[in-house]
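All remarks here apply to the structure that follows.
The values are calculated or read from the model by the stated rules, or taken from the named source; none is laboratory data. What you see is a predicted model; the values in this text were computed from it and never measured. Here the Cβ positions follow ideal geometry from the backbone for every residue, glycine too, while neighbour counts run over all protein chains shown.
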């Protein structure tokens, strides 16, 4: 049986000597000092495992990210840095495991043998080839769950309530549902309820007839003009009590009347709603009808804030920077992953747009992120 080989990449001799003492018997350590010395395509089949000392090769790591992502053997990071530890464990990383310094012989033995036994190449389970993963971006389990709900709910005609903080992508989710649905080629009308003066909400949604009130004209509302397409009502928590009654009627019977008209019309539109408010609290406070809440929430999607899924920041950053032709330095990316992002993905996008303007070269630095040249 051939001797198993482990490649150790580090320019710290003391760490190399310590690792050699910790390696299990029957395994040969091959040592190089930098990423550039290893040809992924040529040498990976000669090895069983790779260990990278990220403390001394921190800045090289980002440059190798794409090249090493095709590696079919396990890569283990050796690190004393909490920030590096956090980044390297992100889904989508080519790093399979992390050994945190100070290193113990038991941990090295356990980690190496675990990955020696599991020699199957690491490939994430593929998602449906429907383009949603390229629009609603994120490698985290939470975002994959959101995309799976989008695909499932697109097959239904029931109302969907999309909840999440401002900037999380509620409108993007609604558009994805509409696009994947059977009515995907039909009209999608989006209306932000908070953007309409309260006195005009009813007219905007349901229409009006001439003379219904001072200055009233014959107007088609959203539900008339949408036909059998999709109506997306953003910030549904801002809708008036009077309009809540009419919206409930459409949801239950499909029927509505224009303001000032006794003629009953039928709507075939599917209704999607979104909010950044706590509607359950609004129900308790009697500002939102309980029956309407349950009717719009037949199907429900909760989009998690960016601070709860920092592992999505690298792929979002790459996506947002693509139009600029720029990339980002590893230190700057790590800094972004440590922020809270109260404005979520929208705030990240605007931060990167600003940083790209400050960047004079091709790679955005931490100074550029902070608004410096």
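Pick from 247, 251, 233: which is within 21 Å of residue 158 (Cβ to Cβ) and not in a helix (DSSP H, G or I)? Steps first, please.
Details: 247 fails: not in a helix (DSSP H, G or I); 251 fails: not in a helix (DSSP H, G or I).
The conditions single out 233.
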Residue that is in contact with a helix residue (DSSP H, G or I) (Cβ under 6 Å, 6 or more places away or on another chain) and at pLDDT 90 or above, where the choices are 190, 230
230
Answer with yes or no whether residue 286 is more than 30 Å from residue 333 (Cβ to Cβ), without any contact (Cβ under 8 Å) to a residue 12 or more places away in the chain and assigned to a helix (DSSP H, G or I).
no
Checked the stretch 249-261 for anything buried (at least 16 other Cβ atoms within 10 Å of the Cβ) and either under 32 Å from the mean Cα position of the chain (by Cα) or under 20 Å from residue 187 (Cα atoms) (or both); matches are 250, 251, 256
For the stretch 262-271, which positions are in a loop (DSSP other than H, G, I, E, B), over 33 Å from the mean Cα position of the chain (by Cα) and either buried (at least 16 other Cβ atoms within 10 Å of the Cβ) or touching a residue at least 60 places away in the same chain (Cβ under 8 Å) (or both)?
267
Under the condition of being more than 16 Å from residue 6 (Cβ to Cβ) and over 29 Å from the mean Cα position of the chain (by Cα), which residue from the stretch 41-82 is modelled with the highest pLDDT?
56
So for the stretch 339-356 (the condition being touching a residue at least 12 places away in the same chain (Cβ under 8 Å), more than 18 Å from residue 312 (Cα to Cα) and in contact with a helix residue (DSSP H, G or I) (Cβ under 7 Å, 6 or more places away or on another chain)), does at least one residue qualify?
yes
Specify which of the listed residues (306, 299, 290) is surrounded by 14 or more Cβ atoms within 10 Å (Cβ to Cβ) and over 30 Å from residue 355 (Cα atoms).
299
Can residue 274 be described as in the same structural domain as residue 149 (by TED's automatic domain parsing), buried (at least 19 other Cβ atoms within 10 Å of the Cβ) and within 16 Å of residue 168 (Cβ to Cβ)?
yes
What number of residues within the stretch 334-367 satisfy the criterion of being buried (at least 19 other Cβ atoms within 10 Å of the Cβ), touching a strand residue (DSSP E or B) at 6+ places or on another chain (Cβ under 9 Å) and part of a helix (DSSP H, G or I)?
3
If you go through 156, 166, the only one that is modelled with pLDDT of 90 or more, within 21 Å of residue 237 (Cβ to Cβ) and surrounded by fewer than 17 Cβ atoms within 10 Å (Cβ to Cβ) is 166
Step by step: first the residues of the stretch 14-33, then only those that are part of a helix (DSSP H, G or I) and in contact (Cβ under 8 Å) with a residue 24 or more places away in the chain, then the one that is surrounded by the fewest Cβ atoms within 10 Å (Cβ to Cβ). Which residue is that?
21
